[in-house]
Amino acid sequence: MKGDGHVGGQKLCTEQGTIPYKKASHTEKRFTMIGLTSLDGNPVMCVLITQGKDPNLSVETGIDVTINPDGNTEDVDFFFNNNGEGKYFPGGPVCTYRGKKIPTMIRWNESASITSDILVDMLKTLDFLDVIPRDGKRRPFLLIDGHGSRLELPFLNYINTPTDHWVVCIGVPYGTALWQVGDSKEQNGSFNMAMSKAKQELLEFKTRHTFENPTLQPTDLIPLINTAWKQSFARVDKNRNAISSRGWNPLNRNLLLDPLIRQTMTEKEKAMESTSNDYKLPSAVLNSNHIESKNVPSDSSTSSTSSTHISSAQTSLNFSSGTSLFCLTSIVKKEQLMQARERIKMDQKEGDDAVEKLKKSKKLTAGICYKNDVVRLGKSVFEVCREKIQNKNNELREKIQKQERTYLELKRKADELIASKANIELLSNKDLNVILRSLKRKEDKNKLPTKKQMMIELYYQWKDREPIKFDYSAGINVNVTTVDEEDDVVVNDDEVVEI
């Protein structure tokens with residue numbers, strides 16, 4: 001809890017003229033918590049990724065020290081009698097969605113961060129529980145951010161096998177805080193504040209009850225998350241507010257009204273938004289015309305007077321320094337910026353198609369996809385990713401083959417030199433160097449000696465070493481199921497799950 005932010009509105013009482021202090025815990029347990037939310041505002045699943053090499057059951061179930069357990073720890077049924085919400089071993093949040101109870105999914109890794117395999121496990125869990133039934137051509141839809149794990153082969157393979165198993169789209173990479181519901185004050189913001197408050201209360205509880213070690217422990221994590229979850233991701237009404245304000249439900253492109261986003265629009269796009277379906281915004285906003293023309297005078301007399309005033313003042317303006325120069329420079333820069341944006345967007349529409357551009361990119365990222373108007377992680381992205389990995393594996397295989405050929409040639413020469421002389425000491429320094437190079441391994445960091453006696457001693461140390469075996473299995477497995485050809489599916493709004 002060291003480093004936690006201050007909860008707004010919180011006041012502390014202390015003696016006048018002194019600074020209030022609170023107890024703080026310096027123990028740390030890194031974790032990532034992800035809340036899956038449907039577009040109707042209901043929580044679907046809580047995913048917890050905890051730092052560590054091996055799973056720990058007591059951390060996964062949690063221990064709520066504020067509750068007295070039933071029975072004795074020696075009892076055979078002690079765990080089962082004290083397991084569940086509101087009990088000594090509470091377990092993580094359990095979501096009820098479409099009549100199915102979905103427990104918290106917990107995974108462990110050393111970085112406590114999301115991976116492609118964990119993403120697959122999340123969707124597999126929902127599929128196994130049949131949370132979102134597939135009937136006819138309806139498929140579940142998932143909206144995610146552009147983290148690198150989304151563009152790795154295991155995840156792309158799962159969502160596209162069979163075709164359109166999951167319809168997945170990425171949001172704009174550099175504006176995640178604007179569109180992602182999980183980043184909203186209703187969810188992530190409320191969770192962080194509730195977590196800070198819960199940690200402080202738990203620490204004070206341990207201090208009041210004179211715990212031997214009154215600090216936060218890894219087993220406290222689940223009870224703390226349960227408390228914070230109820231005050232953030234589990235609040236359906238607040239989730240709906242966050243979803244609505246970001247324009248996802250109802251789907252009305254409300255985000256395009258954000259001032260920061262509108263600053264990136266070109267003059268041509270602003271002119272087209274009132275007539276073209278591609279730029280259509282909520283009609284009430286366009287009719288009011290308050291976005292661009294707010295407080296602009298329309299009276300002709302006012303306009304005429306203003307023009308006369310400007311004309312008479314032109315001779316007295318100083319454009320070489322001060323505020324006048326700053327304003328003029330800003331106007332010119334803005335015009336140049338608009339022209340540059342127009343040229344960039346025109347260049348993007350010309351040349352190769354999106355798939356070819358993805359293939360030519362060094363690395364497949366969300367930014368590259370979005371730049372080429374690809375937001376769906378469908379068959380095309382999957383095949384490009386697989387092809388890139390295959391090419392990378394081929395390059396790695398060629399590198400290993402080259403290393404093997406070099407080593408075998410060196411070993412052949414060394415064997416011939418050893419066989420040519422009855423005594424190794426009769427060989428020249430040059431010949432000994434060839435033999436030692438064939439026996440040297442990666443773990444040998446020191447340079448080879450140049451003096452003959454030292455070379456001979458090193459030879460006797462290394463002469464019984466096993467020949468090098470080259471591993472061609474290195475690289476990423478691309479033996480994934482082939483995607484069948486099928487028609488595009490229709491995404492039903494009722495089948496939406498969002499991270």
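What is the calculated FRET efficiency for SER473 to GLU212, with r their C-beta to C-beta distance and R₀ = 60 Å, to the nearest 0.05? Intermediate results must be reported in sequence, preceding the final value.
Numbers: r = 51 Å, r/R0 = 0.85.
That gives a FRET efficiency of 0.75.
Mind running the shape call on region 138-272? Use the C-alpha gyration tensor, a ≥ b ≥ c as the square roots of the eigenvalues: rounded below 1.5 for a/c, prolate if a/b tops b/c, oblate otherwise. Before the final figure, lay out each step's value.
Details: a/c = 2.73, a/b = 1.72, b/c = 1.59.
Prolate.
If a paramagnetic tag sat 7 Å from the Cα of GLN461 along the Cα-Cβ line, which residues of region 417-454 would have the backbone N under 17 Å from that point?
Of the residues in region 417-454, 432-454 have backbone N under 17 Å from the label point off GLN461.
What residues of region 448-472 lie in the reach of a label at GLU425, counting those whose backbone N is under 20 Å from a point 7 Å from the Cα along Cα→Cβ?
Flagged as within label range: 449-464.
Find the relative contact order for region 366-454 and round it to a whole percent, using C-alpha pairs within less than 8 Å whose residues are 6+ positions apart. Display every interim value, and only then the final one.
Numbers: 26 pairs, mean separation 19.3, N = 89.
Averaging sequence separation for qualifying contacts and normalising by length gives 22 percent for region 366-454.
Going by C-beta contacts inside 10 Å, put PHE155, PHE80 in order with the fewest on the left. Provide the component values of the computation, followed by the final result.
Values: PHE155 25, PHE80 10.
Ascending number of Cβ neighbours within 10 Å: PHE80, PHE155.
Which loop-located GluC sites (Glu not before Pro) does region 413-448 contain, where loop means any DSSP state but H, G, I, E or B and the Cβ has at most 16 other Cβ atoms within 10 Å? Show your work: numbers first, answer last.
On the way: sites: GLU416, GLU425, GLU443; in loops: GLU443.
Of the GluC sites (Glu not before Pro), the ones in loops of region 413-448 whose Cβ has at most 16 other Cβ atoms within 10 Å are GLU443.
Provide SER232, SER149, SER420, SER245 in ascending order of the number of other Cβ atoms located within 10 Å of each residue's Cβ, fewest first. Walk me through the numbers on the way to the answer.
Numbers: SER232 26, SER149 17, SER420 10, SER245 14.
Ranking SER232, SER149, SER420, SER245 by Cβ neighbours within 10 Å, fewest first, gives SER420, SER245, SER149, SER232.
Scan around GLY92 for amide H atoms under 5 Å from its own, H built in the peptide plane at 1.01 Å from N, and keep only partners 5 or more places away or cross-chain.
THR104
Need one word for region 384-462: rounded, prolate or oblate. Basis is the Cα gyration tensor (sqrt eigenvalues a ≥ b ≥ c); a/c below 1.5 gives rounded, then a/b vs b/c decides.
Because a/c hits 1.5 or more and a/b exceeds b/c, region 384-462 counts as prolate.
Which shape class, rounded, prolate or oblate, goes with region 26-157 when its Cα gyration tensor gives a ≥ b ≥ c as root eigenvalues, a/c under 1.5 marks rounded, and past that a/b bigger than b/c marks prolate?
It is oblate, given that a/c is not under 1.5 and a/b is not larger than b/c.
At a 10 Å Cβ-Cβ cut-off, how would you order LEU251, LEU377, fewest neighbours first? Mind showing how you got there, number by number?
Numbers: LEU251 9, LEU377 24.
Going from sparsest to densest Cβ surroundings: LEU251, LEU377.
The numbers here are math on the coordinates, done by the rules we state, and not lab data. Being a predicted model, the structure only gives us computed values, none of them experimental. Here Cβ is always computed from backbone atoms with ideal geometry, including for glycine, and neighbour counts include all displayed protein chains.
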